[in-house]
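What follows is a short report on a single structure.
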Amino acid sequence: MIRDKLAAQLYTLRNELKQDFPGVLRELKKMGWAAVQIDGLHGYPASDIAAVMKETGLRTAGMHVGLERMKTDLEAVLEEARLFDTKDLICHSLPNGLQNPEGYLSVRNDLHNVASQVRALGYRVGYHNHDFEFHTIIEGKFALEFLLEDPAVYPEIDTYWVQKAGQDPLSFISNYAFRMPILHLKDMTSDGRQYFAEIGTGLIDFAPILKWGLHNGVEWFAVEQDYCPGSPMDSLAISLAHLLELERNLDSL
């Protein structure tokens with residue numbers, strides 16, 4: 001079922017979390033989310049947040065972690081992953097100044113090295129894309145494809161950013177069947193602004209994307225909206241309602 005694989009990416013609620021992280025988690029559970037994806041702790045102890053997750057029954061659909069922290073603070077990152085009961089450590093973006101062939105090569109090597117340190121412990125290292133990885137060509141392919149050629153690095157493809165780069169999200173993710181434990185769902189406005197939108201209100205067709213994910217090894221569908229027109233909680237509620245409606249209407253799930 002789709003509903004058991006739906007996670008709210010907490011970057012969407014970054015401002016609300018700073019005020020009341022536990023309260024936000026409890027509200028997300030009441031809304032109907034099965035999981036959240038961690039994106040920073042905003043000064044709260046990991047153990048306190050993990051306790052609220054256990055209390056609510058929310059699961060963890062991976063953690064977004066900066067590459068530098070993976071490299072220099074890996075022991076603490078792994079302790080957080082243990083507390084949150086997740087095995088996915090996702091590099092959330094390319095570090096500044098590295099949007100060039102040499103930079104992408106260094107990032108690929110760094111991710112490979114981190115993955116080699118944690119694989120035996122049961123952890124997976126991934127990379128979350130934006131659109132800029134499509135602006136650089138390396139060895140005849142997009143820089144994102146170059147990064148993900150390393151089988152030690154798991155894709156976390158974001159549908160909005162693929163669309164923003166002028167590519168078809170469904171076609172692009174199809175290259176990573178059974179290699180992508182987490183897929184990011186994010187819609188784009190259909191008014192020509194190409195801005196962030198609630199799932200189901202924009203131009204991306206998510207029904208075939210969900211079908212593909214269910215049949216090709218996606219464990220979590222993480223919903224993220226970088227900026228919302230009003231309350232981020234309201235935006236997440238709209239996205240969740242649409243995804244649940246798709247679940248009711250899709251055949252042979």
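Checking the structure you have, find out if any residue of segment 159-172 is polar (S, T, N, Q) and touching a strand residue (DSSP E or B) at 6+ places or on another chain (Cβ under 7 Å).
yes
Taking only segment 157-188 into account, find how many residues are in contact with a Phe, Trp or Tyr (Cβ under 7 Å, 6 or more places away or on another chain) and open to solvent by 20 Å² or more (accessible area, probe 1.4 Å).
Adding up the residues that qualify gives 5.
Name, by its number, the condition in (1) closer than 27 Å to ASP110 by Cα; (2) more than 13 Å from the chain's Cα centre (by Cα) that does not hold for TRP33.
Here TRP33 meets the rest and fails (1).
Quick check, is ASN100 open to solvent by 10 Å² or more (accessible area, probe 1.4 Å), more than 30 Å from ARG82 (Cβ to Cβ), in contact (Cβ under 8 Å) with a residue 24 or more places away in the chain and within 20 Å of the chain's Cα centre (by Cα)?
So ASN100 does not fit the description; no.
Picking from LEU105, LEU94, LEU67, which residue would you name as being modelled with pLDDT under 95 and under 22 Å from MET180 (Cα atoms)?
Exactly one of LEU105, LEU94, LEU67 is modelled with pLDDT under 95 and under 22 Å from MET180 (Cα atoms), namely LEU94.
Considering ASP234, ASP191, ASP205, which residue is surrounded by fewer than 18 Cβ atoms within 10 Å (Cβ to Cβ) and in contact with a Cys (Cβ under 9 Å, 6 or more places away or on another chain)?
Going through ASP234, ASP191, ASP205 in turn, the sole match is ASP234.
Tell me, yes or no, whether segment 127-140 has at least one residue that is in a helix (DSSP H, G or I), open to solvent by 50 Å² or more (accessible area, probe 1.4 Å) and not hydroxyl-bearing (Ser, Thr, Tyr).
Scanning segment 127-140 turns up no residue that is in a helix (DSSP H, G or I), open to solvent by 50 Å² or more (accessible area, probe 1.4 Å) and not hydroxyl-bearing (Ser, Thr, Tyr).
Mind listing whichever residues of segment 23-48 are part of a helix (DSSP H, G or I), open to solvent by 30 Å² or more (accessible area, probe 1.4 Å) and in contact (Cβ under 8 Å) with a residue 24 or more places away in the chain?
ARG26, GLU27, LYS29, MET31, SER47, ASP48
Return yes or no: is GLU16 under 19 Å from VAL223 (Cβ atoms) and open to solvent by 20 Å² or more (accessible area, probe 1.4 Å)?
yes
Residues being of a type in the set (Lys, Arg) and either buried (at least 17 other Cβ atoms within 10 Å of the Cβ) or touching a residue at least 40 places away in the same chain (Cβ under 8 Å) (or both): count how many of those fall in segment 49-58.
Total meeting the criteria: 0.
For segment 140-160, which residues satisfy the criterion of being under 18 Å from ILE182 (Cβ atoms) and among the small types (Gly, Ala, Ser)?
Residue satisfying the conditions is ALA152 alone.
Out of all the residues in segment 78-97, is one or more in contact with a helix residue (DSSP H, G or I) (Cβ under 9 Å, 6 or more places away or on another chain), among the basic types (Lys, Arg), open to solvent by 50 Å² or more (accessible area, probe 1.4 Å) and part of a loop (DSSP other than H, G, I, E, B)?
Within segment 78-97, one or more residues are in contact with a helix residue (DSSP H, G or I) (Cβ under 9 Å, 6 or more places away or on another chain), among the basic types (Lys, Arg), open to solvent by 50 Å² or more (accessible area, probe 1.4 Å) and part of a loop (DSSP other than H, G, I, E, B).
The values are calculated or read from the model by the stated rules, or taken from the named source; none is laboratory data. As the structure is a prediction and not an experimental result, all values here were calculated from the model. No Cβ is skipped: glycine too gets one built from the backbone with ideal geometry, and neighbour counts run over all protein chains shown. Heads up: the accessible areas ignore ligands, DNA and RNA and are worked out on the full protein's heavy atoms, side chains in. Shrake-Rupley method; radii C 1.70, N 1.55, O 1.52, S 1.80 Å.
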